[in-house]
Structure formats: C-alpha cells, structure tokens
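Enquirer: Okay, handing you the structure first.
The values are calculated or read from the model by the stated rules, or taken from the named source; none is laboratory data. Not measured: the values here are computed from a predicted model. Don't worry about glycine lacking a Cβ; one is built from the backbone with ideal geometry, like all the others, and counts go over all protein chains shown. In case anyone asks, the SASA skips ligands and DNA or RNA and just uses the protein heavy atoms, side chains included. Shrake-Rupley method; radii C 1.70, N 1.55, O 1.52, S 1.80 Å.
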Amino acid sequence: MTQSDSLLDRLEIDCPIISAPMAGVSTPEMAAAVSNAGALGSIAVGATNAAGAEKMLADFRGLSSRSLNVNVFCHRPAHANVERESRWIERLRPEFERFGATPPASLKEIYRSFVEDDEMLELLVAAKPKVVSFHFGLPPLDRVCRLVDAGILLFGTATNLVEAKTLVAAGVNAIVAQGAEAGGHRGMFDPDSPDDTLSTKDLTQLLVRELDVPIIAAGGMMTGGDIEEVLRLGSSAAQLGTAFVSCDESLADAGFKKALLSSSAGSTLFTRAISGRPARCISNRFTSVVEGVSPVDVPDYPIAYDLGKALHAAAKAKDEFGFGAQWSGTGGSRARAMPAAKLVATLREELAQARFIGENPARS
Ligand SMILES: Cc1cc2nc3c(=O)[nH]c(=O)nc-3n(C[C@H](O)[C@H](O)[C@H](O)COP(=O)(O)O)c2cc1C
C-alpha cells in the first residue's frame, strides 16, 4: 500500500483532495459537501471561540457523518505595543476619512491562539473530529498529547524543512507543505524569521525526500492536472484553498468573489499590513495603500487585523470592496464558480484523466 493510500485509508476518504480550512471563508456547508463527495472537508475555527466552533461542528454533523478536519491557529500570542498601534491607526486614518468613518481609538487582539485556549481544547477532545490541523506552529506538547489520546489525527503546516521536522518530532501525523504560491497566511511559525519562499513543488519534493510521514502539498493548485503533478512528486494528497473560495458555499463576499473571477486575480502579493502576518492577497486598494510599509511598523498579528477589518467594513459600507482581505493563491485567475460538490467531482475527473494520460502517453 502506498503512503497516499494508507493516509486516505486512515482518513476514510477515497480521493486525495482536501478543501483547505479558510477562516472567514470555508463553512460547515462547504466542508460537508466536500466530505460527502469523498474528499476531506475542513472548517477553520482560528477566528472564533469554542462556542462558535461548537456551532460549526454541529452544523457539519447535521449535514455529514463523514471525516472532518478542524483547523486551529497556533500563533504566538500578540505583544501589545500601544505606541506602535496608535501610529498605525494614524497611518490609516485618512483612508477611514475617505469613507466618512473614524478609526477605532485602540486595537484589540481579536483572536485567541489555540496555544492558550483551554475551552477549544476541551471541545475538540470531546468532539473528536477525524483531524485537527495546526497553522502558525504547534501548541504545547501536553495539548498535542490530549488530542492524540482522543484518537484524533494531527496535521501541521510547514513552509520549510525545519518547521516540518519540528512538527514530526511533536507527533504530527502528516505535514501540509505550504508553498509560496499558496493563498492566505504563510503558515510559518515565526513571521519575523527569514522566509525561503520555496515553491509548492520544491517544498513537497524536499519534505517527501527527508521525512517519513505523509506530505500534503498546498499552494497554487486549481485543477485535477495540478493535483496529479504533486502526487507524482510523492505527495499523499493535495490541499486546495483558492479553488474553493468561489464556490457557492463560501463566505467570501461579493467583492472578493468578483475580484477572484476577474483579471485582478492574476496579480497577488505578500503583505503583512492587513493582519500583522505575511499573507498572499489579490493586489487591491488596501495592498497599494500599505505598499512599502516596514514590517516593524505593523502591529502584531492579530492586533493589526482589528484595524484592517474595521477599514474594510468602513469602505464596504460605501460599496468599496478593495479593502478586503482577499486572500488568494497564484492560481486565482483559474478559479471556477460552482457548488463545492461539483468542484470535487470535476477535480476527480480531471485527476483521473491526467493519470490516464500520464500512464498512456501515446494516447494523449
Ligand atoms: C481565503 C483563504 C483563507 C485561508 N485561511 C486559512 C486558515 O484559516 N487556516 C489554514 O491553515 N490555512 C488557511 N489558508 C491557507 C490554506 O490552508 C492553503 O495553504 C492554501 O489555500 C493553499 O493554496 P491555494 O490557495 O493556492 O490553494 C487560507 C487560504 C485562503 C485562500
């Protein structure tokens, strides 16, 4: 049995596709549609509390009895710096004023990291989803052990070999190899460390060669043909985020979906000014306003995001969607709008075709 087959076996799914957990975008309805179609659906609870997560889990369970991946953020809790935050508010004040709004007087740490969220841990241990996945690092080992003892499989995001080895040493069962093409936040443990920005293919091959756990490639994949390529490089499955943003079940707002389905999606960049951590976003009004800002001037994640979300709300109230966190991978210009179940069926069909062509080159 290949490593991919044995991962699919353990996940109780029959195709090597995972819809990425996407805080604020993926929904229990999307996850259920994906899981019911034989892939692995995910929900992201990093931007909510235990009560919010409990509701999402119940909503999923109302729609599917299949496997589910629940994703948590394991960032270092933010260091507040009132002076830096005040300067940041002043820096963006003119943008608020353009929309007849006033920025908040101070900023809050809007999300609690899983590394210190006891209620979330208890909820997950009791709910026992098939998988819990970590983004931005690892929780303390006693928390990892609680999840393992509950029989939950663990995934962790790595953007380089050192992070991947750290995850494996902590007992994580599979690594999500997040390449630089990926949409959304870089899963790097320390946002201030140098970033090698390895591509999905290079990182996948490196981790497959160096590690003895299943590798799940993530970043820039939009079609079954893309998935076939990373499977050929030794990955056990593929995790796709941007491809699912334009699905019917996505919570992305109309402005985000419109940008993704327009020529704007062809231009993405890394910015940390929206949330406080590097993330790949469609180039929009927000990214141009903060272009060239020094990382040291941006408040810690997720304190900066408090202001970013307030600015988006002020702009959106005046029908300007260009201040949204329009996270997208480099493949965004190939996004397709359809129900999630249809997207999984399409990806499966394209993957089967690509495999057939790979195995029968003369007939292509
Ligand atoms: C809108 C959006 C939100 C995301 N939110 C999360 C998240 O909450 N947790 C997480 O682990 N990854 C998140 N990601 C990253 C994905 O897990 C994955 O690495 C990425 O989507 C893969 O690249 P692709 O978008 O090119 O498919 C997000 C990605 C996008 C596009």
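Enquirer: So what's the projected area for region 1-143, the Cα convex hull averaged over all directions, in nm²? Write down the numbers at each step before the final one.
Expert: Details: hull surface 45.2 nm².
The number I arrive at for region 1-143 is 11.3 nm².
Enquirer: For the chain, modelled as a GNM with alpha-carbon contacts under 10 angstrom, which of SER113, SER193, SER133 fluctuates the most?
Expert: Among SER113, SER193, SER133, the largest GNM mean-square fluctuation belongs to SER193.
Enquirer: When the solvent-accessible surface of protein heavy atoms is calculated with a 1.4 angstrom probe, in what order do ASP5, ASP306, ASP212, ASP142 fall, highest first?
Expert: Correct descending sequence by accessible area is ASP212, ASP142, ASP5, ASP306.
Enquirer: Could I have the simple spin-label model distance between SER288 and ARG336, label points 7 Å from Cα toward Cβ, reported in nm to one decimal?
Expert: 3.2 nm
Enquirer: Compute the angle between helix 50-63 and the longest alpha-carbon principal axis of the chain, please, reported from 0 to 90 degrees and rounded to the nearest 10.
Expert: Approximately 40 degrees, to the nearest 10.
Enquirer: Could you identify which residue out of LEU203, LEU161, LEU343 has the top mean-square fluctuation in a GNM of the chain using Cα springs shorter than 10 Å?
Expert: Evaluated over the chain, the most mobile residue of the options is LEU161.
Enquirer: If a/c stays under 1.5 just call it rounded; otherwise compare a/b with b/c (prolate if a/b is bigger, oblate if not). Do that for the chain, with a ≥ b ≥ c from the square roots of the Cα gyration tensor eigenvalues.
Expert: Since a/c reaches 1.5 and a/b is larger than b/c, the shape of the chain is classed as prolate.
Enquirer: Still on this structure, I have one more. Decide, for region 258-364, between rounded, prolate and oblate: order the square roots of the alpha carbon gyration tensor eigenvalues as a ≥ b ≥ c, take rounded if a/c falls under 1.5, and otherwise choose prolate if a/b is larger than b/c, else oblate.
Expert: Values: a/c = 2.99, a/b = 2.24, b/c = 1.33.
It is prolate, given that a/c is not under 1.5 and a/b is the larger ratio.
Enquirer: How much of the accessible area of the chain, probe 1.4 Å, is carbon plus sulfur, in whole percent?
Expert: Ligands and nucleic acids excluded, carbon and sulfur reach 51 percent.
Enquirer: Given a 1.4 Å probe, how much area per residue of region 64-183 is accessible, in Å²?
Expert: 42 Å²
Enquirer: With both partners inside the chain, how many of the DSSP beta bridges are antiparallel, as a percent to the nearest 5?
Expert: Taking every DSSP beta bridge with both residues in the chain, the antiparallel ones total about 20 percent.
Enquirer: Would you please classify the overall shape of region 189-321 from the alpha carbon gyration tensor, given that a ≥ b ≥ c denote the square roots of the eigenvalues, rounded means a/c under 1.5, and beyond that prolate means a/b larger than b/c while oblate covers the rest?
Expert: Verdict is oblate for region 189-321.
Enquirer: Here's another thing I want to ask about it. What's the center-to-center distance, using Cα atoms, between region 104-141 and region 257-330 in Å?
Expert: 24 Å
Enquirer: Which sequence of GLU350, GLU90 reflects their accessible areas, 1.4 Å probe, from the largest down?
Expert: Per-residue accessible area, sorted high to low, gives GLU90, GLU350.
Enquirer: Here is a follow-up. Quick one: accessible area per residue over region 229-275, 1.4 Å probe, rounded to a whole number of Å²?
Expert: Working: 1700 Å² over 47 residues.
With the other protein chains kept in place, region 229-275 gives 36 Å² per residue.
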